Amino acid sequence: MLHLPSPRRLLRAVSIAATAVVVVPAAVAAAVALTPNAVPAPAAPSDAVLTKAVPTKNAPTTTAPTNTDPSRADPTAARLTGPLVFSTVPSNTTGQLQWFAAAVENGYHGSALAATSAAAAAARGPAWTTPSLDGVGPLSVVSAPTSCLTGYFAVQSCDGSAMQDWRWVGHDSGLALQNVQTGNHLGTGNRGGNDDVLEGDDGTHYPIGTVDTSFLTGDGTVTAPVNGGIAPVGDGTPATVRIGDTVDVSFGMTATAPIDALQDIGITAKPPAGAGFVVGTRTIVGAWRTAPDAPWVTSGALSATVRLAAGGTSLVGTVPATSSVHLPAGGQIRWTVPLTVRNSATPGTYDLAFTISGQTD
């Protein structure tokens, strides 16, 4: 069934390997400060994806278009319009998304306007026209329809060349825009959350920009947000624990688009070697906050009923459907679980891996 203008959106499974758990000898105080140094894992494989996607004409896919003729540009009526909002996860950070809106600087080069959330980026950036999600074509600011972005991020008079043709492609974090001729992806190398220029490559030296398609419309339809409006890389919280002790460890996710309901939420988690979830745990507490710098609010509606494997070696949980939690883009949800470290554990830094799957409205 089609829901407009707020379609039900697919929330793909979220995975991470950056909830760093530092195990230290019993003589060392547990209040050691640390910075997680694990590299976030890519999104979970496709068999963890739920299948109740919105059957909208412009619903995004998570795979790149195939066998697309680069010389075939969309008809104008099939194009999408709206701010080009994208996020990056720079490799030298702890996995925090950075948000930007594509713009044009002085009429000659693409620029990236930084913001603290997808919504804030959309408010800063101009409206663009883009190819349809299964098409190929130029990128132009609506107010300057005869100027097109090239594969080297300059802005020139539109000439219909492959250097000015772009297509949607899938990557680990969602959908990206790739130039047909150069193979460069729309993005920016900025790692400090400041305004910068548009730049990119194949992902080797520059983070690939993941475009939030919820801000794009076409043919009177609403384009569903990438990954159900949830950042594909989850949120981990560092923790330090002495051998033989127990600590609470939190993990969760960040909204990239407004969320008004959660359905069919499933959680899995696996502790590092030498550690286990506290046997007897049957419920884990959920909490939300509206922004990364806002206070956490504990919510009974987000509490998860969990089952532990023998010895607390893994966790599987479910969260009842709820429409009582309303998050803006940039809002966060987390769950907290008690973790214990056995006396036989070897000191070191380890990862607690987890996945979250379900649906958002």
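Each value in this text was obtained by applying a stated rule to the coordinates, not by laboratory testing. Nothing here was measured: the structure is a model prediction, and the numbers come from that model. FYI the Cβ positions are ideal-geometry reconstructions off the backbone, even for glycines, and counts take in every protein chain you see.
For residue 154 and residue 205, what is the calculated FRET efficiency with R₀ set at 22 Å and r taken between the beta-carbons, to the nearest 0.05? The computed FRET efficiency comes out at 0.75.
For a paramagnetic label modelled on residue 281 (point 7 Å from Cα along Cα→Cβ), amide N atoms under 11 Å away belong, within region 326-346, to 335-341.
Amide hydrogen proximity for residue 353: with H placed 1.01 Å from N in the peptide plane, the residues at 5 or more positions away or on another chain lying under 5 Å are 270. On the basis of the beta-carbon distance and an R0 of 22 Å, residue 298 and residue 247 show a calculated FRET efficiency of 0.75.
Here each label is just a point 7 Å from Cα along the line to Cβ, and for residue 81 and residue 342 those points are 6.3 nm apart. Each peptide in 231-239, 146-154, 289-297, 313-321 gets a packing score, the mean of other Cβ atoms within 10 Å over its residues, and the list from highest to lowest is 231-239, 146-154, 313-321, 289-297. For residue 244, the amide hydrogen comes within under 5 Å of the amide hydrogens of 341, 342, 343, counting only partners 5 or more places away or on other chains and with H modelled in the peptide plane.
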